[in-house]
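Note sheet for the following structure.
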Amino acid sequence: MKNTLLLLPLALGAASCGAGEERAPASPFHFVDRTTESGLSAFHQVNGKPDKLMIVESVGGGVALFDADLDGDLDAYLTNGSWLEGLVPGEEPRDALFLNDGTGHFTDGTAAAGLGDATWTNGAIIADVDGNGAPDIYLTNYGPNVLYLNNGDGTFRDVTEQAGVGDPLWSTGASFLDFDKDGDLDLYVANYLQFDEELMLRTRETGTIQGEVDGADDERFAGIQVMKGPRGLDPEFDRFYVNNGDGTFRDASLELGIDEQSKNFGFQTLAFDADGDGWVDVYVANDVHENLLWRNNEGKGFTNIGVESGLALNMSGTPQGGMGTCVGDFDGDLIADVYVTNFVQDYSTLYKGHRGGAFTDTTSRAKLNRSTWSLSGWACEFADFDSDGVLELFAGHGHVYPQVDGLDLGTTYRQRNILYTQRGTDFVEPEGGGGPGFELVQATRGAAVGDIDGDGDIDILFGNIDDAPTLLVNEGRGGNWAKVRLVGASGNTGAIGARIVARVGESTQLRLVGSGGSFLSSSDPRAHFGLGAAERIDELEVTWPDGHVDRFQDVSARELHTIAEVPGGAAQLASKPLR
């Protein structure tokens, strides 16, 4: 692979140290659980009853890392669920915003920011929806979705009704994209299934097995009673909203071709240019059903080419239990690749991208099939955690049936999250597994990545069902790095849909500025490039959403580079250390 030339030689032995000194990590991958010290352990996610006999109680929610108060560091948005059996007014579980002091220490800023949504939240999607330069929050809920606009000072206001994006269905993943290249952001929303709450609660109260209501037999797993669904329940249609440019959106789903084919158990969406034609497409990972790839027909509509592209099914031509998905160029050929996490007793799938928008299931070749078979996957992300120029991959895991802990099935409800590094064509766990943070056993759902403590490398925030989140701080020994933040000139100030290529010597790295991905979560929108031993990026190439290109030479390491688009002119680059 091209980018292996960026590898930085690292001493594998521990550095010598005197009495009382902390021993340096022996591996470039050394993640440590800093949740308690960070202050994030004050938050506890609620998601129904422990037995999870209702499918709504099993999904959990995402997390988001973004600069809510515009002070230059990453804050954390944590989603919360609820209970089906009624709420005490004023005591509803609520989402929370925790503000970062720049070093990875957080304080609860929810009330001061005007936030604290009490709807049963699944996803937190971040984008500058109104083009004022400040990140906004779109929440996908079991119940009407909510759009909070940032007032530009870290406070938020609910504009859902005026904007027209309060989809009342059970929504999960969502992505913003400039579908028609008119300079503002449109919105794709995946919906999961129809859940008859009254009927399901009645069966719980009477002790009737849920499947007896309609004669279905999908409420049993290995002979034990578990929740009903998704099989035996009705899937929902997805929705596509076009931005009218005046703060309002219209549902253009049928008009643009988001039709009967979208009626699946939709979980996670991913907006990226899958075929390289300059128009952002939408990928949807579906539970049980085949995945969808909506090709953007140059802003005039969508066509589902999931099967034709190779992204709908696994190598056997079979649909899987898609949960989360992420995109990244793992082999350095400047073509996007895709990873999809799937349900237990199946493998999570690595799709290699080819020019023209074709993808092949390369999971077996990458040695990822056996290692994921007994795990139920959710969040995932490609990232260069050791800053050597080669992408790693991680996945968050956790079963949906707590009842499996009483059986001898080779799996458990709480599971270990896994970090994979590349060794030749294989993805393998690094020596030591990635440090003590990856030894934790949890029921993880969402996750987001970003530089939380301002030291330049990438950390991970996991969202765990019925539990506090987990903050894994990267304390490994990595190489040099550079970060790039794009500022678009139009209403799409985050430059969603842009493409960034870094060339270092003979190596190349691709980063796509997108929306959605992982599982119901949003990561740091700044692009991180690992440089290994190199002191600079030789050439940085930015392809903006409208297709025009800017190039920069000799971009220095260990700095944040902000590139501002200039209509009709050359973009402006400003650089500064993170601290």
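Structure summary
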quantity: Ranked order, W378, W83 - accessible area, probe 1.4 Å, largest first; calculated: W83, W378
quantity: Point-charge dipole on Cβ atoms (K/R +1, D/E -1) for the chain, about Cα centre, debye to 20; calculated: 1200
quantity: Three-way shape label, the stretch 375-507, alpha-carbon gyration tensor, a/c 1.5; calculated: prolate
quantity: Estimated FRET transfer efficiency when R0 is 41 angstrom, pair R503-L254 (beta carbons, to 0.05); calculated: 0.40
quantity: Value of D in µm² per second that Stokes-Einstein yields for the stretch 99-154, Kirkwood Rh from Cα pairs, at 10 °C (1.306 mPa s); calculated: 127
quantity: Rounded, prolate or oblate (a/c below 1.5 giving rounded, otherwise prolate when a/b exceeds b/c) for the stretch 252-344 by Cα gyration tensor; calculated: oblate
quantity: Per-residue [θ]222 nm for the chain (sum of -39500 (n - 2.57) over DSSP H runs n ≥ 4, rounded to 500); calculated: -1000 deg cm²/dmol
quantity: Separation of the Q225 and T562 label points, Cα + 7 Å toward Cβ, nm; calculated: 5.8
quantity: Carbon and sulfur %, accessible surface of the chain computed with the full protein complex present, 1.4 Å; calculated: 50
quantity: For the chain: rounded, prolate or oblate by the Cα gyration tensor [a/c cutoff 1.5]; calculated: rounded
quantity: Interatomic Cα distance distribution for the stretch 429-522, bins of 5 angstrom, percent; calculated: 2, 10, 15, 19, 20, 16, 10, 5, 2, 0
quantity: Modelled label reach - R423, point 7 Å along Cα→Cβ, the stretch 355-392 residues with backbone N closer than 13 Å; calculated: 367-368
quantity: Packing rank of 66-76, 421-431, where each peptide gets the mean count of other beta carbons within 10 Å, highest leading; calculated: 66-76, 421-431
quantity: For the stretch 34-139, with +1 on Lys and Arg beta carbons and -1 on Asp and Glu, the positive-most of L115, G39, T103 along the dipole; calculated: G39
quantity: Charge dipole magnitude, Cβ of K and R +1, D and E -1 - the stretch 56-188, Cα centre, debye nearest 20; calculated: 300
quantity: Stretchable slack from S316 to H44, in nm (0.36 nm times residue separation minus alpha-carbon distance); calculated: 93.8 nm
quantity: Accessible area of the chain divided out per residue, in Å², using a probe of 1.4 angstrom; calculated: 36
quantity: Equivalent ellipsoid, the stretch 310-396 (semi-axes from 5 times Cα gyration tensor eigenvalues, Å); calculated: 20, 16, 10
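The values are calculated or read from the model by the stated rules, or taken from the named source; none is laboratory data. Keep in mind that what you see is a predicted model, and the values were worked out from it rather than measured. Glycine gets a Cβ as well: all are built from the backbone with ideal geometry, and neighbour counts include every protein chain shown. Calculation scope for accessible area: heavy atoms of the full protein, side chains included, ligands and nucleic acids excluded. Shrake-Rupley method; radii C 1.70, N 1.55, O 1.52, S 1.80 Å.
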